[in-house]
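Notes for the one structure printed next.
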Amino acid sequence: MRMVDLIEKKREGHELTREEISFMIKGYTDGDIPDYQMSAMAMAIFFRDMTISERVDLTMAMVESGDQIDLSSIEGIKVDKHSTGGVGDTTTLILAPLVASVGVPVAKMSGRGLGHTGGTIDKLESISGFQVEIDGETFNNLVNKNKIAVVGQSGNLTPADKKLYGLRDVTATVDSIPLIASSIMSKKIASGADAIVLDVKIGSGAFMKDLESAKELAHAMVQIGNGASRKTIAVISDMNQPLGFAIGNALEVKEAIDTLKGKGPVDLHELCLTLGSKMVYLAGKAENVDEAREMLEKSIETGKAIETFKTFIAAQGGDDSIIDDPSRLPTASYTFEVEAKEDGYIAEIIADKIGIASSILGAGRTTKESEIDLAVGLVLNKKIGELVKKGESLVTIHSNTPEVTEVINRIYDAYSISQRSVELNPLIYDIIY
Ligand code: URA
Ligand code: CA
């Protein structure tokens with residue numbers, strides 16, 4: 001087999017076979033197929049697209065390019081959740097203990113934040129003593145015992161995807177539905193998921209800017225999941241403004257605690273129940289999603305959800321007294337209020353601008369190596385649609401330096417205030433089965 005023939009075949013719009021895709025991904029991972037040939041192929045795929053079976057074959061070839069996590073010693077159906085990324089997205093921290101509290105095994109592998117989106121591992125590290133590095137056996141035992149464990153990424157998962165993603169980034173081939181969908185799904189499948197719930201975000205803070213492209217991506221991932229025998233459901237949700245109020249590591253842990261106690265922001269609470277009920281249903285713990293939702297609501301009401309969070313923190317060496325006293329989490333030295341300059345309705349809070357403002361305070365990384373400040377971040381006091389009076393606080397800044405002019409300017413740049421009342425976007429746009 002020759003790569004040049006495969007490039008030509010795809011260039012002419014023909015379907016590649018499983019053997020051809022496997023040859024190409026294996027050869028590329030091993031370094032036998034050079035970047036320039038893979039670039040040409042990525043561009044051919046960009047223009048010619050891939051059939052469903054090509055997408056499944058590409059996904060599985062990438063899964064097989066590296067290590068695969070074996071969760072078979074964990075009882076039950078392991079359901080993983082994936083978000084295409086957002087600002088202030090605290091959902092994993094809430095969903096993991098929430099669905100575990102009704103008996104769904106949560107064996108979660110999570111990443112650190114890069115750029116202006118946060119990572120669950122960083123958030124958990126703001127809990128004193130919490131261990132994110134645990135060996136595979138301990139991990140599996142913890143999930144069997146408590147239904148929940150979260151570990152940092154390790155091992156050599158989907159090296160083909162890492163290499164290809166880097167190449168796409170510099171060859172203008174990132175924005176290709178078959179390439180994005182197979183990239184995301186290969187990582188989930190390699191991490192050992194039996195079933196997958198996807199949160200596809202749309203809006204100013206998201207990868208997909210409009211509903212049509214978000215739906216297309218969601219359908220593509222659901223088809224790949226089902227084609228690879230992993231039941232998959234996608235929820236399309238709004239990221240036109242940050243989720244919840246808090247952006248920043250310790251601040252989001254506090255927000256997660258509030259939400260698990262039933263006192264969280266409405267949007268975050270609702271998104272967690274929507275995603276969580278799909279997870280419980282896919283895990284076979286409820287007959288349908290409505291029943292699943294009732295189970296989760298009840299678990300929050302009775303305190304079982306927050307109790308599960310507490311058990312989870314203690315089991316991984318963390319200080320579980322933060323549950324009853326969140327003031328024991330790291331706190332910043334200074335707070336500043338960003339005051340509204342006029343009366344009106346909040347019309348816009350551009351999510352990625354808020355994410356960057358939080359990152360400048362030190363809550364996010366600019367490079368993989370940079371240290372982050374777990375205490376700092378932003379708390380939104382006004383969200384889209386709310387009425388605000390001149391002088392009222394839009395945002396509270398939590399900072400470890402007194403110099404926050406640039407952060408304030410960026411927050412003003414993210415917010416817009418309108419004289420007329422504004423129409424709210426739905427939180428959930430669609431659900432794709
Ligand atoms: N996220 C991924 O993991 N892969 C892509 O291709 C795009 C976004
Ligand atoms: Ca949040």
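Values computed for the structure shown
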| read-out | value |
| --- | --- |
| Listed residue pairs exceeding 25 Å between alpha carbons, taken from LYS263/LYS304; LYS145/LYS285; LYS209/LYS263; LYS81/LYS201; LYS231/LYS261 | LYS209/LYS263; LYS231/LYS261 |
| Carbon/sulfur fraction of accessible area - the stretch 297-396, other protein chains in place, 1.4 Å, % | 47 percent |
| Gaussian network model of the chain, Cα within-10 Å springs - most flexible of GLU392, GLU423, GLU216 | GLU423 |
| Estimated distance in nm for a label pair at GLN68 and THR367, the labels positioned 7 Å out from Cα along Cα-to-Cβ | 3.7 nm |
| Whole-number accessible area per residue in Å² for the stretch 331-418, which is evaluated in the context of all protein chains at 1.4 Å | 48 Å² |
| Å² per residue, accessible surface of the stretch 212-272 at 1.4 Å | 31 Å² |
| Solvent-accessible surface ranking, highest first, for PHE207, PHE47 at 1.4 angstrom | PHE47, PHE207 |
| GLU392/SER321 FRET efficiency (R0 22 Å; Cβ-Cβ; nearest 0.05) | 0.05 |
| The chain: most fluctuating residue of MET239, MET43, MET60 per GNM, C-alpha cutoff 10 Å | MET43 |
| Stretchable slack from LYS145 to ASP35, in nm (0.36 nm times residue separation minus alpha-carbon distance) | 35.0 nm |
| Inter-site label distance for GLU339 and HIS219 at 7 Å from Cα along Cβ, in nm | 5.2 nm |
| Gaussian network model of the chain, Cα within-10 Å springs - most flexible of LYS147, LYS263, LYS81 | LYS263 |
| Label point distance in nm, ASP290-THR171, each placed 7 Å from Cα along Cα→Cβ | 5.0 nm |
| Net length gained if the chain between LEU211 and GLU8 were fully extended (0.36 nm per residue, minus Cα distance) | 69.8 nm |
| Carbon/sulfur fraction of accessible area - the stretch 3-48, other protein chains in place, 1.4 Å, % | 50 percent |
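The values are calculated or read from the model by the stated rules, or taken from the named source; none is laboratory data. The structure presented is a predicted model; accordingly, all values stated were derived computationally and were not measured. We place every Cβ from the backbone using ideal geometry, glycine too, and count neighbours over all the protein chains shown. Each accessible area value is taken on the protein alone, full model and side chains, heavy atoms only, with ligands, DNA and RNA left out. Shrake-Rupley method; radii C 1.70, N 1.55, O 1.52, S 1.80 Å.
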